[in-house]
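> Here you go, one structure.
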Amino acid sequence: MSESAGPSLWEVMAADPAITMDRATLRLVISDQRRRSRALVYPWLRVLSRAAVTVITGVRRACPVRFSAHATMDRLCLWFLRRFVSPAAVSLLMRHFIVETNLLNFCAVNAGLPGRAEVSLRPVTLSALGSGAVIEHDLNVYRVLLAIGQTGGTARPDGGLNFGMLDVPAVDPEPATRRLLNLDIQTALCLMNIPFAFCLSPAEYRRAVHSLRLDASLLGVIAALTGDDTFLGWRTALPPVRVDSNVDVPATVYEHALVCEYALARLCQIRDATPADADPRDVALGL
């Protein structure tokens, strides 16, 4: 059979039953992956970006003067997203902020945290990303995991699981805004990582990078609350006890966003398969 006669990798990716993701979002991801910038620019820029960030972080750590430029970082981020990143990629980025907030709120509510410690970061407009959202996004993971760890709230709740926080609202990526380029999300992340490394202090940047490793911890909490070990299969590592900033940050961010999508889709499956009078945890266990 000739290559042209077989199914394309995109067809298989769109239909792959192992990819637990909202189908509309998966189509958006595939469309973003097929952009020319992903094939022609990203492989080269990935290397250059990592080299630039390594130099910046090394100089920043050696410099005795510590400074941050959060407002500048926010302005650069918005300007770049509006002028150089495709609306589809911007939609995926905005959606990720909401998806991770939903996961954190699921953990906070079902772990019975005092005051519930719920997260409110749900940007539905592009301008909402310019109010410290990037830093807040990382800090929220630390806050929720810290609160759960201090209260020991990973036991499966007796009153049944609350799924009321899982819906994702529509977002506005400003598609009518005139763009000079329409970069894919991975190429965009390579470029955005450079000003992030410069505008954050070394400690802030290291904390932000380490937050990506906390997926293992978050998935572990969700698995404990639901009794569903499916979530543990998406952990790329054990819960982190080592700090290491020397990682491919854009690639790790991309994988982190996909893991969050998988986790949200699985929670929605459990919710939708739960009869009104059934315990959602039994559904997760196949009982």
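> Can you give me the three principal axis dimensions of the range 52-157 from its C-alpha atoms, in Å, biggest first?
Result, largest extent first: 46, 39, 20 Å.
> For the range 1-152, what is the accessible area per residue in Å² when the probe is 1.4 Å? Mind showing how you got there, number by number?
Values: 7960 Å² over 152 residues.
It amounts to 52 Å² per residue over the range 1-152.
> Continuing with the same structure: According to a simple spin-label model (label point 7 Å from Cα along Cα-to-Cβ), what is the distance in nm between F80 and L40?
Each label point is offset 7 Å from its Cα along the Cβ direction, giving 2.1 nm.
> For Rg and Dmax of the Cα atoms in Å, one of (i) 20.4, 70; (ii) 19.7, 64; (iii) 26.2, 84 was computed from the structure I shared and the rest are decoys. Which label?
(ii)
> Going out from 0 in 5 Å bins, what whole percent of all Cα-Cα distances in the range 117-209 drops into each bin?
With a bin width of 5 Å, the distribution comes to 2, 9, 13, 19, 19, 14, 11, 7, 4, 2, 0.
> Moving on. Pairwise over distinct Cα atoms, reciprocal of the mean inverse distance: report the Kirkwood radius of the range 123-162 in Å, one decimal place. Can you show the working numbers first?
Numbers: mean 1/r = 0.0802 Å⁻¹.
Hydrodynamic radius (Kirkwood, Cα only) of the range 123-162 equals 12.5 Å.
> In whole percent, and with a 1.4 Å probe on the protein chains, what portion of the accessible area of the chain is carbon and sulfur? Don't skip to the answer; put the middle values down first.
On the way: 8250 of 14120 Å².
The value for the chain is 58 percent carbon and sulfur by accessible area.
> Averaging sequence separations of C-alpha pairs under 8 Å and six or more residues apart, then dividing by the length of the range 84-203, give the relative contact order as a whole percent. If you can, show how the numbers build up before the last one.
Numbers: 116 pairs, mean separation 53.8, N = 120.
For the range 84-203, the relative contact order is 45 percent.
> Kindly list the residues of the range 158-201 that lie in the label zone of V59, defined by a backbone N under 18 Å from the point 7 Å along the Cα-to-C-beta vector.
191-201
> With N set to the residue count of the range 74-122, report its C-alpha Rg divided by 2.2 N^0.38 Å to two decimal places. Before the final figure, lay out each step's value.
On the way: Rg = 14.6 Å, N = 49, 2.2 N^0.38 = 9.7 Å.
It is 1.51.
> Related question: Give me the 1.4 Å probe accessible area per residue for the range 212-272, excluding ligands and nucleic acids, in Å².
On the way: 2530 Å² over 61 residues.
Roughly 42 Å² per residue, with all protein chains present.
> Taking Rh as the Kirkwood radius computed over C-alpha pairs, what is the Stokes-Einstein D of the range 1-126 at 4 °C in a medium of viscosity 1.567 mPa s, expressed in µm² per second? Don't jump to the answer; show the numbers that get you there.
Details: Rh = 18.7 Å.
The estimated diffusion coefficient comes to 69 µm²/s.
The values are calculated or read from the model by the stated rules, or taken from the named source; none is laboratory data. Keep in mind that this is a model prediction, so the values were computed, not measured. Backbone-built Cβ (ideal geometry, glycine too); neighbour counts: all protein chains shown. Surface areas here come from the heavy atoms of the whole protein model, side chains and all, with no ligands, DNA or RNA. Shrake-Rupley method; radii C 1.70, N 1.55, O 1.52, S 1.80 Å.
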